[in-house]
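Scroll down for the structure; my scribbles are underneath it.
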Amino acid sequence: MKKYLNNIIQGDCLDLLKEIPDNSIDITFADPPFNLKKKYNGYKDSLEFQDYLKWCENWIAEMVRVTKPTGSIFVHNIPKWLTYYAAFLNKLADFKHWISWDAPSGPMGKTLQPSHYGILYYAKDVSQNKFYEIRYSHKRCRRCCYLSKDYGGKKAGLHPFGPLVSDVWTDIHRIKHNKYRDEHPCQLPIHLLERIILMSTDEGDIVFDPFVGTGTTVIAAKRLGRRYIGFDIDGKYVKNAQFKLLRENSNSKIGNIWVSWFLDGLTTIRDKDWEELSQNYFIPEPRNKIDHTAIKFIRTKEIGLKNKNTSNKKDEIMTKRERLLLR
Ligand SMILES: C[S@@+](CC[C@H](N)C(=O)[O-])C[C@H]1O[C@@H](n2cnc3c(N)ncnc32)[C@H](O)[C@@H]1O
């Protein structure tokens, strides 16, 4: 286990998982191949229906085994497969949520347009489960700055930062532009994983991903001061992710508080941290002005937030030289 810690290892996750002791990981997150014939570098994404499900049951059972009693298990996939996963997971762990991540995908023929992925969220033991309430920033009209949602007469009572996060996530977008993506068909945005990590772990906790791909989960964990383990079967993906990881720092924080940044703003905070964080903000008064005036971060310079500049966009684009080094 020690050799895996803060590392990305190349290999078949079912083999490597054997080395991880029972009840040793704080959260496990899996974003497996979806069996949709996606073009991976080496992996052939096209198993027979029952073979795919059997394979999934094997690694899901392993994920539950290695998760601590206080820990959580997250699995990301399309709804079709999640219905089977949920039926299986219900026998092994405690259901918490089916998170619906609003993210349109390609048309599938004669069906409704698929517009969300699901993230199953299970507690190994709900009576001991570690969980923090989290908030996301208010959505506003880009041009006029007014709140997108109509809160009617309740604006004076609004939380200045933003609402508590529900089980429907509409504020995190897929990485669409090729220039922001790695050479990988299924890269998740880092702030999606940061949200999961902030709500379910503490600093120093261990985050594990058996299908790490471009390294999203381990990068998010490192930025947030967590320990991590990532596996992937493909040597090229592993090299790429290891390389990116080297350039990351554990500094996504304001003072002593870990936060999730994207571009030039905070996307997720813990509810309990707001009182301290609010000291870094200009908050319009009277409070109902929040309707048309956003709170403003006023202490960037003194704090020197490095991840503000290394958020998902710029820093994820490798220089030509770095890409060459990888080959
Ligand atoms: C959907 S992608 C994960 C993408 C990742 N979440 C990201 O944001 O980059 C699935 C990954 O699983 C890897 N994979 C497929 N079979 C595997 C196995 N048996 N063990 C470990 N990794 C495997 C593939 O190489 C691929 O990178």
If we take the stretch 206-306, then strands (runs of 3 or more DSSP E) inside it with 3 or more residues that are within 16 Å of the ligand (Cβ to nearest atom) are 206-209, 227-232
Inside the stretch 176-205, the number of residues satisfying the requirement of being near the ligand (Cβ under 9 Å from one of its atoms) and either β-branched (Val, Ile, Thr) or touching a strand residue (DSSP E or B) at 6+ places or on another chain (Cβ under 6 Å) (or both) is 2
Residues of the stretch 173-206 being over 17 Å from Asn240 (Cβ atoms) and modelled with pLDDT under 95, in sequence order, are His173, Arg174, Lys176, His177
Residue hits (the stretch 40-51; under 24 Å from Tyr237 (Cβ atoms) and either more than 11 Å from the ligand (Cβ to nearest atom) or polar (S, T, N, Q) (or both)) are Asn41, Ser46, Asp51
With the first residue restricted to the stretch 229-251 and required to be farther than 9 Å from Ile219 by Cα, and the second required to be assigned to a strand (DSSP E or B) and among the acidic types (Asp, Glu), Cβ contacts under 7 Å at 6 or more apart or on different chains are Gly230/Asp209; Val238/Asp232
task = Go through the residues of the stretch 155-175 one by one and say whether even a single one is over 28 Å from Lys124 (Cβ atoms), within 10 Å of the ligand (Cβ to nearest atom) and either buried (at least 16 other Cβ atoms within 10 Å of the Cβ) or not β-branched (Val, Ile, Thr) (or both).
result = yes
Practice prompt. Please work out if Asp12 is in contact (Cβ under 8 Å) with a residue 60 or more places away in the chain and within 16 Å of the ligand (Cβ to nearest atom).
Written response: yes
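Residues checked against (1) surrounded by 13 or more Cβ atoms within 10 Å (Cβ to Cβ); (2) among the charged types (D, E, K, R); (3) out of contact with any Asp or Glu (no Cβ under 8 Å at 6 or more places or on another chain):
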| site | (1), (2), (3) |
| --- | --- |
| Ala86 | yes, no, yes |
| Asn90 | no, no, yes |
| Ser100 | yes, no, no |
| Leu112 | no, no, yes |
| Tyr117 | yes, no, yes |
| Leu120 | yes, no, yes |
| Cys141 | no, no, yes |
| Gly152 | no, no, yes |
Scanning the stretch 244-272 for residues that are among the acidic types (Asp, Glu) and surrounded by fewer than 17 Cβ atoms within 10 Å (Cβ to Cβ), the one modelled with the highest pLDDT turns out to be Asp271
Restricting the stretch 13-65 to residues that are in contact with a helix residue (DSSP H, G or I) (Cβ under 7 Å, 6 or more places away or on another chain) and β-branched (Val, Ile, Thr), the one surrounded by the fewest Cβ atoms within 10 Å (Cβ to Cβ) turns out to be Ile20
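The values are calculated or read from the model by the stated rules, or taken from the named source; none is laboratory data. Just so it is clear, the model here is predicted, and its values are computed rather than measured. So basically every Cβ, Gly included, is an ideal-geometry build from the backbone, and we count neighbours across all protein chains shown.
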